[in-house]
Amino acid sequence: MKRVMIVGGPGSGKSTLARLLGEKTGLPVFHMDHIHWKPGWIERSREEKDVLSHQVHAADTWIFEGGHSRTYSERVARADTFIWLDVPVGLRLFRVLKRSVIYFGRSRPDLPEGCPEQFNAQTAEFLQYIWRTRKTARAKLEAVYNRPPTNLKVIRLTSLPETNAFLEKIETTE
């Protein structure tokens, strides 16, 4: 396991899994939200996100969590492990609301500084986006999972107990 692609819908636990897996393996962790956002919740252009994603993909080792499906094909081609967090949308919505409460007014560790959690119109829009894309986004990930290239080990985790069991099997590097 040298190049790990962690995907799933918002609130599925990608950032937490990436952090914990990085701690156990010593692999560098990259969060798509750091590429997607600039401080102040300013979204980067698609072109900027493509370039920054490519820089991660080109590295020898990484754990890269998050979306930007425009670069999935490149990421899949470079990855050796594909971890899909396929958890129910209701749980994901709950987790997004919970982290908004926990980090209210502060930036989460997987976000750039200057992107504090908040409750506003964007929060409502984000929850609607999660609901609206629950089937289409999942279908893209399912396609990779069901028809992976030969270089790719695929893992599908559907619950916190499954995720914890997966992490327990990973040997810690010292």
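The values are calculated or read from the model by the stated rules, or taken from the named source; none is laboratory data. What you see is a predicted model; the values in this text were computed from it and never measured. Heads up, the Cβs are rebuilt from the backbone with ideal geometry, glycines too, and the neighbour counts pull from every protein chain shown. Accessible surface is based on the protein model in full, side chains and every heavy atom, while ligands, DNA and RNA are left aside. Shrake-Rupley method; radii C 1.70, N 1.55, O 1.52, S 1.80 Å.
In this entry, the stretch 77-174 is assigned a mean projected area of 8.6 nm², taken as a quarter of its C-alpha convex hull surface.
Here are several values of Kirkwood radius over Cα pairs in Å: (i) 16.6; (ii) 15.7; (iii) 17.3. Which one was derived from the coordinates shown? Recomputing Kirkwood radius over Cα pairs in Å here picks out (i). Each label was represented as a point 7 Å from its Cα along the Cα-to-Cβ direction; for R106 and T150 these points are 4.9 nm apart.
Per residue, the stretch 45-174 exposes an accessible area of 59 Å² to a 1.4 Å probe, with every protein chain left in place. The count of lysine pairs in the chain whose Cα atoms are under 14 Å apart, excluding pairs fewer than 8 places apart on the same chain, comes to 4.
Count neighbours as other Cβ atoms within 10 Å of each site's Cβ, and list the chymotrypsin sites (Phe, Trp or Tyr not before Pro) in the stretch 80-174 that are DSSP loop with at most 14 such neighbours.
F119
Computed on the Cα trace of the stretch 16-88, the radius of gyration divided by the Kirkwood hydrodynamic radius gives Rg/Rh = 0.96.
In percent, rounded to a whole number, the relative contact order of the stretch 1-119 is 40, using alpha-carbon pairs under 8 Å and six or more apart.
Quick check on the chain: helices-only [θ] at 222 nm, where DSSP H runs of length 4 and up contribute -39,500 (n - 2.57) each and the sum goes over total residues. Nearest 500, please. Mind showing how you got there, number by number?
Working: 8 runs with 86 residues, N = 174.
Mean residue ellipticity at 222 nm (helix-derived): -15000 deg cm²/dmol.
Sort D60, D110 from largest to smallest accessible area, using a 1.4 Å probe on the heavy atoms of the protein chains. Write down the numbers at each step before the final one.
Working: D60 115, D110 15 Å².
Heavy-atom accessible area, descending, gives D60, D110.
If Lys and Arg each add +1 and Asp and Glu each add -1, what is the summed charge of the other residues whose beta carbon sits under 14 Å from the beta carbon of K49? Spelling it out: positives minus negatives among the neighbours equals -1.
Averaging Cα coordinates gives a centre for the stretch 1-33 and one for the stretch 101-174; these two points are 9 Å apart. When a 1.4 Å probe is rolled over the protein heavy atoms, the share of accessible surface on the chain that falls to carbon and sulfur comes to 55 percent.
Restricting to Cα pairs below 8 Å that are 6+ residues apart, what does the relative contact order work out to for the stretch 94-174? Please round to a whole percent. Kindly include the intermediate steps, with their values, before the conclusion.
Numbers: 30 pairs, mean separation 11.0, N = 81.
About 14 percent, as a whole number.
Neighbours of S100 by Cβ distance under 12 Å: Lys/Arg scored +1, Asp/Glu scored -1, total +4.
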